[in-house]
Each structure stands twice: as C-alpha cells, then as structure tokens.
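K.L.:
Dropping a structure here in structure tokens format, bear with me for questions.
The values are calculated or read from the model by the stated rules, or taken from the named source; none is laboratory data. Here the structure is a predicted model, which is why all the values come from computation and not from measurement. Quick reminder, even Gly has a Cβ in these numbers, built from the backbone with ideal geometry, and neighbours come from all protein chains shown. Side chains included, ligands, DNA and RNA excluded: accessible areas come from the protein's heavy atoms. Shrake-Rupley method; radii C 1.70, N 1.55, O 1.52, S 1.80 Å.
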Amino acid sequence: MLKVDGLNVRYGKSHVVFDFSAEVKDGETLAVLGRNGAGKTTTIRGITGLLPGASGRVIVGGTDMSGWPAHRRTRRGLAYVPSGARCFPNLTVVENLDIASHANGDGWTWNKDRIWELFPRLESLRHNLAGGLSGGERQMLAVSRALMGNPRVMLLDEPTEGLAPVLVQSIAALLATLKSTGVSILLAEQNHQMALRVADRAAFIEKGRIVEVLPASRARDSEVLHRILGV
Amino acid sequence: MTPGQVLLFTVGGLSNAAYLFIVAAGLSLVFGALRVINMAHGSLYMIAAFVTVVIANQLGAGLGFWGGLLVAVAVAGAIGGVVEVLVLRRVYGREHLVQLLGTYAVSLVVAGGVRIVFGPNYRTVASPIPGHLDLAGYSYASYSLFMIAGAIVIGAGVWTMLYRTNLGRNIRAAVSDPDLLNATGVNVTRLYTTVFVIGAGLAGLGGSIVAPSQAVGSSIDTDVLVLAFAISVIGGLGSIVGSAVGALIVGMVISFGLVIPQTNPFALAFVFIIMTAVLIVRPRGLFGRPES
Ligand SMILES: Nc1ncnc2c1ncn2[C@@H]1O[C@H](COP(=O)(O)OP(=O)(O)O)[C@@H](O)[C@H]1O
Ligand SMILES: [Mg+2]
C-alpha cells in the first residue's frame with residue numbers, strides 16, 4: 001500500500017506540486033493524468049525522495065518513509081521507473097538488473113530467471129550494453145530493473161511514451177499482471193486511454209494540484225478528462 | 001643512440017610512467033565518477049611521500065619502507081575521506097570553477113601544513129629493494145623494475161575492481177547516471193566517499209612508491225599534479241586505459257627528452273606540446289568519452 005499525505009514540492013523558490021495526497025491499496029492502480037507540465041513527474045520524484053525540495057508524508061506498506069533518502073526507500077519496496085526508459089547505458093543488461101537486486105526478503109522474489117520469462121528478448125541481449133538497445137527494449141529493461149528490487153509500490157512515469165502500439169499493449173498487459181500480484185501502482189501518463197484501461201482510479205492534476213479523482217470507469221468520458229486533456 | 005641506451009631510456013621512461021600512472025589513475029577515477037577535478041590530488045601524493053620517508057628513516061630502510069607505505073596510503077585515504085565529506089559534498093553539481101577553487105584551497109592548506117611540519121629541505125630514503133641488474137652494458141636499479149611491475153599489478157587491480165566487482169559496477173553506473181543509481185537503491189553519497197578515498201589512496205600509493213627514487217620536497221605536489229593533468233588530458237579523463245597510455249607517452253617523452261642534448265632544455269615542454277596537440281585534434285583525449 002502507498003499513502004502520500006500533503007506532498008509539496010518546490011524547485012528553489014518555485015512551488016510546483018501543492019498538497020498532493022493519495023492512497024493506493026495493494027493490487028490497486030492509480031493513474032495520474034495531466035497535461036505536459038502539470039506536475040506528474042515532479043509528484044513522482046517527490047515521492048521517491050530524490051528531490052530535496054519535497055515535503056509531506058510517504059508511507060509504503062505501513063512503513064513511514066518521510067524524510068528517508070531515495071536509496072533507502074527503494075530498498076524497502078518503493079520502485080521508480082523514470083520516463084524516457086532510463087537505464088545505465090554503459091552497463092550490460094545483466095548488470096542493469098543485478099544492480100537493482102537487493103531482495104527485501106518477504107514473500108515473492110523477482111530474479112533474472114523470472115525476468116527472462118517475462119521478456120525473453122532481454123535474455124538474448126543479456127550481455128549487450130543497455131545503451132545499444134532499442135527504445136522498447138530499454139523500456140522492458142527499465143521496468144525489469146524496478147522489479148528486481150521486489151517492490152510493494154511502483155511509480156511509473158509515462159512508461160509507454162514513444163513506444164509502438166504493440167509495445168504499449170505489452171506494457172499494459174504487464175501492468176495488469178503486476179497488479180494481480182498485489183503491487184500498488186501509481187502510473188503517470190499522457191496516454192489516458194491506456195492508463196484508464198489498466199487503472200482503477202484516476203487523479204487529474206492541473207498546475208500541480210489534484211482537481212478531481214474518479215473511478216476509471218467514470219473517468220473515461222468525464223467532463224474533467226475533456227477539459228484537462230483537451231480530448 | 002646504441003640499442004643498449006635505447007633500452008636504458010625505455011626502462012627509465014617506464015618507471016616514470018609507473019608512478020605517474022598510479023597517480024593519474026586516481027585523478028581519473030575520481031573525475032569519472034564524481035565529475036570533480038581534484039586539485040588536491042598532488043597534495044595527497046606529497047603527504048604520503050613524506051609519511052613514507054619519515055617512517056622508513058625511523059624504522060630502517062627494509063621493513064620500515066613497507067610499513068611506511070601502508071601507513072602513508074591509509075593516511076592519504078583518510079585525509080581524502082575527510083576532504084570529500086567536508087569540502088566536496090558542498091560543491092557537487094556546482095560549476096567546475098567552484099570545485100577547482102574548493103580543492104585548490106585544500107591543496108594550499110596542505111602545502112602550508114607540510115612546510116610547517118616537514119620544513120623546506122628535501123628528504124630522501126634508501127631503496128627498500130637494493131641491488132641492480134646488469135644488461136647490455138648498463139645497470140638497472142631493481143627498484144625501478146619493481147615500480148614498473150607494481151604499476152602493472154595496480155592497474156590490473158583497478159581494472160578488476162571496476163569491471164569485476166559490484167563496487168566497480170556501481171561506480172560505472174554512477175559515471176552515467178547518479179540520480180538513477182540512487183533510485184535503484186544504492187547509497188550514492190557513500191559511494192562517492194568510497195571512490196574519493198580510493199582515488200586518494202592511489203595518489204598516496206604513487207607518492208609512497210616514488211619516494212625511494214626521487215627527492216621528496218614541498219613542491220612535489222604541483223610537479224606531479226601538472227604531469228597527471230597532462231596525462232589525463234592526453235589519455236582522456238575518466239578512462240583507466242587512457243591513464244595508462246597517457247602515462248606511457250609522458251614517461252617516455254620525459255626520459256628520452258632529457259637525455260638527448262638538443263631536447264634536454266625542452267623535455268617538459270614537449271609534454272605540453274603533445275597535450276596541446278591532443279586538445280586541438282581530440283579534445284576529449286585519446287580514450288575519453290565526450291561529456292554529455
Ligand atoms: N528541475 C526543475 N526546475 C525548475 N522547474 C521545473 C523543474 N522540472 C520541472 N519544472 C517545472 O515544474 C512544472 C511541472 O513539471 P513536470 O513535473 O515535469 O510536469 P509533467 O511531468 O506533468 O509534464 C513545470 O512547470 C516545469 O517547468
Ligand atoms: Mg513528465
């Protein structure tokens with residue numbers, strides 16, 4: 001379970017995220033939807049502990065992580081998949097996975113064999129440098145790296161950005177699988193169709209504030225979706 | 001030049017390259033991971049050289065030197081750790097100029113401290129491996145050959161650390177994306193301290209190993225720093241292979257430059273002419289990667 005309470009983020013003097021609060025239960029997916037510049041990335045990075053200008057409470061699976069440095073949050077089950085399929089380009093695929101492997105012990109553990117089952121393509125590339133992979137392959141690797149930490153909570157920042165439709169489908173299928181294992185997912189997307197297909201609820205943000213939270217089924221043709229995303 | 005002389009000056013060049021490589025590798029390792037040019041790198045080298053000389057002369061050349069070397073490397077590493085925590089942590093992510101000034105300030109403090117503690121006189125220490133090898137009419141100090149072998153072992157050790165251990169994998173990851181590394185569960189703050197301590201330890205190792213073959217005085221910090229920079233520029237900052245190749249070039253140029261009468265006055269100038277040429281033709285150095 002992820003609980004965020006009163007998250008505020010500032011870059012120096014400029015206040016970007018205002019009082020973001022949300023709860024994502026085990027096996028639940030919350031989509032965070034908003035236009036470019038609305039504050040989705042900043043919200044996610046604020047939760048990870050990577051931004052010095054973030055304040056507010058972050059609780060993962062009952063553990064209050066407020067004030068913890070990012071690496072400690074990750075080790076205790078909070079995984080972050082940044083936008084742009086970020087990997088370590090000068091490390092091999094295997095190294096990109098090993099570097100994230102610090103089993104937190106309880107229950108279901110991810111390892112490379114499971115990753116190869118999920119993405120057979122990555123196994124055949126395992127000794128290649130990540131920098132030489134295609135965008136889709138790097139996205140698989142970015143998600144796999146997050147999984148290697150055995151997360152309870154995953155924060156994904158536009159994981160389908162720039163991917164071919166068939167890969168968008170496989171990311172959506174993967175998110176559905178993860179959900180069924182009990183992971184809490186917070187999914188920032190501009191691709192609202194895909195996001196609303198896999199999410200249970202959607203939080204709409206505009207200029208750094210949540211303006212509405214709706215069940216996914218009602219969000220699909222809501223007034224707020226049209227107004228905020230201009231669709 | 002006779003073949004015997006060529007061999008003599010080649011070995012001279014290799015022993016120059018040996019200690020210079022150890023020092024430059026530390027500078028390069030720190031720059032690669034932390035993106036900080038450490039102006040105090042030569043200071044750590046100098047401190048280690050003095051510590052080695054003092055301990056070795058107290059305890060007697062044989063065992064005293066090896067004990068001195070261990071203590072000197074530990075002292076250099078420890079001072080490096082303190083400098084990282086107190087100085088560098090405040091300047092990461094700032095402009096290179098701020099970092100240069102910060103570490104330059106440390107080098108001035110050390111230079112002043114060394115002059116107060118050890119005085120202005122040059123000091124020497126007897127070689128811990130006396131004896132020599134006669135070959136083709138010339139005699140080679142056993143210690144020079146030891147230095148060359150030592151540098152090869154240390155180079156292999158650094159390479160193995162970087163490419164065959166988890167620590168090295170994390171260092172390589174920090175070179176490309178420290179932010180992502182943090183979010184992957186690695187304590188990057190602690191990793192930076194570790195890298196800086198290793199870099200400082202290499203500076204110390206260089207200073208300690210060179211002590212029996214050169215006079216140790218309070219200006220060797222800048223002497224070695226200037227050469228280590230030239231090596232890093234030629235080989236490419238951040239690349240261990242580049243440090244080795246750069247050290248070989250600089251070591252050989254100095255050795256041959258000094259013995260040929262016509263080039264003797266310009267031997268050091270040649271190093272910087274080559275450095276300038278590399279900067280013009282290939283600004284990132286022979287083995288460096290462009291800064292992203
Ligand atoms: N590093 C930064 N420094 C200052 N302002 C930033 C920084 N990153 C983002 N912003 C600003 O914060 C706001 C939200 O950006 P972001 O979180 O990236 O939005 P989104 O992910 O929804 O596109 C934007 O106005 C953006 O210009
Ligand atoms: Mg964004």
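K.L.:
What trypsin sites (Lys or Arg not before Pro) does region B:46-99 have in DSSP loop regions with at most 12 other beta carbons within 10 Å?
P.N.:
Sites meeting the loop and neighbour criteria: B:94.
K.L.:
Towards the positive end of the charge dipole of chain A, with charges on Cβ (+1 Lys, Arg; -1 Asp, Glu), say which of A:56, A:109, A:82 has the farthest Cα.
P.N.:
The residue sitting most towards the positive pole is A:56.
K.L.:
Could you please put A:177, A:29 in sequence from largest to smallest accessible area, using a 1.4 Å probe?
P.N.:
I get A:177, A:29, largest accessible area first.
K.L.:
If you don't mind, there's one more thing I want to ask. Could you give the DSSP H helices of chain A that reach 15 angstrom or more along their long axis (alpha carbon positions) and whose average Kyte-Doolittle hydropathy is no lower than -1.0?
P.N.:
Helices passing the filter in chain A: A:135-148, A:165-180.
K.L.:
Another question, if that's okay. One-quarter of the Cα convex hull surface for the protein assembly as shown, in nm²?
P.N.:
Approximately 28.6 nm², given one-decimal rounding.
K.L.:
Once both labels are modelled 7 Å past Cα along the beta-carbon direction, what's the residue B:133-residue B:279 spacing in nm?
P.N.:
3.8 nm
K.L.:
Counting alpha carbon pairs within less than 8 Å and at least 6 residues apart, what relative contact order, in whole percent, applies to chain B?
P.N.:
Reported as a whole number, the value is 35 percent.
K.L.:
Counting pairs on different chains as well as pairs 8 or more places apart, how many Lys pairs in the protein assembly as shown have Cα atoms under 28 Å apart?
P.N.:
For the protein assembly as shown, the number of qualifying lysine pairs is 14.
K.L.:
Pull up the DSSP beta bridges for the protein assembly as shown and report the antiparallel fraction as a percent, rounded to 5.
P.N.:
60 percent
K.L.:
Which residue, B:204, A:33, B:180, has the largest displacement toward the positive end of the dipole of the protein assembly as shown when charges sit on each Cβ (Lys, Arg +1; Asp, Glu -1)?
P.N.:
A:33
K.L.:
Just to be sure I understand the model, the point goes 7 Å from the Cα along the line to the Cβ. What's the resulting residue B:70 to residue B:7 distance in nm?
P.N.:
Label at residue B:70, label at residue B:7, 3.7 nm between them.
K.L.:
Helix B:240-259 versus the longest principal axis of chain B: what is the Cα-based angle in degrees, 0 to 90, to the nearest 10?
P.N.:
Value to nearest ten degrees: 30.
K.L.:
Something else about it: Given Cα pairs under 8 Å that are at least 6 residues apart, what percent is the relative contact order of region A:2-229?
P.N.:
Here the relative contact order equals 29 percent.
K.L.:
Let me ask something else. Applying 1/(1 + (r/R0)^6) with R0 = 25 Å to the Cβ-Cβ distance of residue A:177 and residue A:229, what FRET efficiency is obtained, to the nearest 0.05?
P.N.:
With R0 = 25 Å, the Cβ-Cβ based efficiency is 0.40.
K.L.:
Between residue A:164 and residue B:260, what is the label-to-label distance in nm when each label sits 7 Å out along the Cα-to-Cβ direction?
P.N.:
Label at residue A:164, label at residue B:260, 5.9 nm between them.
K.L.:
Over the whole of B:171-183, what's the average partner chain Cβ count within 10 Å per residue? Rounded to a whole number, please.
P.N.:
Mean shielding by partner chains, rounded to a whole number: 6.
K.L.:
Contact order normalised by length for region B:44-131, with contacts defined as Cα pairs under 8 Å and 6 or more residues apart; what percent is it?
P.N.:
Relative contact order of region B:44-131: 33 percent.
K.L.:
If you don't mind, another one. Once both axes come from the Cα atoms, what is the angle between helix B:220-235 and the longest principal axis of chain B, in degrees from 0 to 90, rounded to 10?
P.N.:
70 degrees
K.L.:
R0 = 45 Å: FRET efficiency of residue B:269 with residue B:86, Cβ-based, nearest 0.05?
P.N.:
E between residue B:269 and residue B:86, to the nearest 0.05, is 0.75.
K.L.:
Using the Cα centre as the reference, give the magnitude of the dipole from point charges on the C-beta atoms of the protein assembly as shown (Lys, Arg: +1; Asp, Glu: -1; all else neutral), rounded to the nearest 20 debye.
P.N.:
Dipole of the protein assembly as shown, to the nearest 20 debye: 620 debye.
K.L.:
Sticking with this one: Would you calculate, for chain A, the mean residue ellipticity at 222 nm contributed by helices, counting each DSSP H stretch of 4 or more residues as -39,500 (n - 2.57) and dividing by all residues, to the nearest 500?
P.N.:
So the helix-based figure for chain A works out to -9500 deg cm²/dmol.
K.L.:
How big is the dipole moment of region A:168-231 about its Cα centre under a simple scheme where the beta carbon of each Lys and Arg is +1, that of each Asp and Glu is -1, and everything else is neutral? Debye, nearest 20, please.
P.N.:
60 debye
K.L.:
Please work out how much length the chain gains when fully extended from residue A:127 to residue A:83, using 0.36 nm per residue of separation minus the C-alpha to C-alpha distance, in nm with one decimal.
P.N.:
Length gained, residue A:127 through residue A:83: 13.5 nm.
K.L.:
Specify the longest stretch of chain B that does not include any exposed loop site, a site being one of the chymotrypsin sites (Phe, Trp or Tyr not before Pro) with a non-H, G, I, E, B DSSP assignment and at most 16 other Cβ atoms within 10 Å.
P.N.:
Between the exposed loop sites, the longest stretch runs B:123-292.
K.L.:
Angle between the Cα long axis of helix B:142-164 and the longest principal axis of chain B, 0 to 90 degrees, nearest 10?
P.N.:
Rounded to the nearest ten degrees, it is 20.
K.L.:
Nearest 20 debye, what's the magnitude of the dipole of region B:173-292 about its Cα centre given +1 on Lys and Arg Cβ and -1 on Asp and Glu Cβ?
P.N.:
Around 180 debye, computed over region B:173-292.
K.L.:
Moving to a separate point now. Highest mean first, how do A:41-48, A:114-121 rank when packing is the count of other Cβ atoms within 10 Å averaged over residues?
P.N.:
Packing proxy ranking, top to bottom: A:41-48, A:114-121.
K.L.:
Then there's this: Rounded to two decimals, what is Rg over Rh for chain B when you use alpha-carbon atoms and the Kirkwood radius?
P.N.:
0.97
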